[in-house]
Amino acid sequence: MGTNQRTAIVTGGARGIGAGISKRLAEDGMAVAVLDLDESACQAVVDEIAAAGGQALAVGADVSDPEQVEAAVRRVADELGAPTVLVNNAGIIRDNLIFKMSVEDWDSVIGVHLRGSFLMTKACQGFMTQEKFGRIVNLSSTSAQGNRGQVNYSAAKAGVQGFTKTLAIELGKFGVTANAIAPGFIETEMTAETAARIGISFDELKKMATDQAPVARTGKPEDIAHAVSFFASEGAGFTTGQVLYVAGGPCD
Ligand code: NAD
């Protein structure tokens, strides 16, 4: 690889959308730190990247824990290079109607999405401003516009949009962009979990999503990875503070 190879960190990279993003950024030529709660769970994605000729590292960390985040980012900087591309993708759902939602389920969802994105970005931004180059991509969701049973998740994903716009304002002069991607229905274990919660099969939920989507299909991790690839690219330096809905149809 050339000396200009960028290093990316993808949180929640062990599976689903994060795995798709990790593979795509590696194909784009970046060295990729695949970060997830359990380091060994990242190994399959790392092996796949290596088998395709790319460079990747499995990193275990809980993004909502400041010490673990600091240690993980330092390790990536030492072993792969200064992380100047960060994709805040790690996420959980703890759905319930508000009258049944526990304080723990509120806190854990806000903790992973918002506190996690904050901690990871704070730990990486110094490398970006030093390099005068940075690309931050945060995962929001169409649920930011409101979704029954998701007050915690919806608030977190709307929060991610405000977080992104403020990062764009603060870091722009250092060559650092920040953008958010708000996916619609993507086929992953997270949406399979949703089907189980509402008591229907995953196939039924996929059919409902297909029927509602103007493009008449569900989304795949690759659909989101493609959008991340653009925001993370060298040429996207004038695109910042944006929220891109990748949902198979128009969203506000
Ligand atoms: P997923 O559940 O399949 O994967 C999420 C990954 O994040 C898992 O590997 C999990 O271990 C990891 N993770 C969870 N908590 C973590 C923590 N504290 N620290 C580190 N890693 C942690 O989910 P997905 O569908 O791939 O979703 C990825 C992102 O996209 C999430 O932010 C999600 O909210 C968002 N999103 C998904 C959809 C969808 O339809 N699937 C739609 C909109 C937005």
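Entry comment: accessible area of the chain is 47 Å² per residue, from protein heavy atoms only and a probe of 1.4 Å. In this simple spin-label approximation, Gln130 and Phe202 carry label points 7 Å from Cα along the Cα→Cβ vector, and these lie 4.2 nm apart. Stretching Asp211 away from Glu67 to a fully extended chain increases their span by 47.4 nm, per 0.36 nm per residue minus the current alpha-carbon distance. Cα centroid separation, segment 180-252 to segment 93-154: 16 Å. Select from segment 48-106 those trypsin sites (Lys or Arg not before Pro) which occupy a DSSP coil region and have at most 15 other Cβ atoms within 10 Å, ordered by residue number. Loop-located and lightly packed - none at all. Calculated mean residue ellipticity at 222 nm for the chain: -14000 deg cm²/dmol, from DSSP H runs with n ≥ 4 weighted as -39500 (n - 2.57), summed, divided by the residue count and rounded to 500. Between the listed residues Val228, Asn179, Ala44, the Cα displaced farthest toward the positive end of the dipole of the chain, a dipole computed from Cβ unit charges relative to the Cα centre, is found at Asn179.
Across q = 0.11, 0.13, 0.18, 0.21 Å⁻¹, segment 74-199 modelled as identical point scatterers on its alpha-carbon atoms has Debye log10 I(q)/I(0) values of -0.42, -0.57, -0.94, -1.14, in the order of the q list. Charges were assigned to the Cβ only: +1 to each Lys and Arg, -1 to each Asp and Glu. The resulting dipole of the chain about its Cα centre is roughly 700 debye.
The listed peptides 43-53, 170-180, ordered by packing as a protection proxy, come out as 170-180, 43-53 (highest mean of other Cβ atoms within 10 Å first). Measuring from a point 7 Å past the Cα of Val103 along Cα-to-C-beta, which residues in segment 126-165 have an amide N at less than 17 Å? Under cut-off, by backbone N: 152. Shape class for segment 156-223: prolate, because the ratio a/c of the largest to smallest gyration tensor axis (alpha-carbon atoms, square roots of eigenvalues) is 1.5 or more and a/b beats b/c.
When the C-alpha to C-alpha distance is required to be over 28 Å, none of the pairs from Lys122/Lys173; Lys157/Lys206; Lys23/Lys157 qualifies. Computed extension gain for Gln242 through Ala41, at 0.36 nm per residue and net of the alpha carbon distance, reaches 69.2 nm.
Give me the angle, in degrees from 0 to 90, between the Cα long axis of helix 116-131 and the longest principal axis of the Cα atoms of the chain, rounded to the nearest 10. Once rounded, the angle reads 30 degrees. What part of the accessible area of segment 103-251, given as a whole %, is carbon or sulfur when the probe is 1.4 angstrom? C and S fraction of accessible area: 56 percent.
The values are calculated or read from the model by the stated rules, or taken from the named source; none is laboratory data. Quick caveat, the model's predicted, so the values are computed rather than measured. So basically every Cβ, Gly included, is an ideal-geometry build from the backbone, and we count neighbours across all protein chains shown. These accessible areas exclude ligands, DNA and RNA; they are computed on the full protein's heavy atoms, side chains included. Shrake-Rupley method; radii C 1.70, N 1.55, O 1.52, S 1.80 Å.
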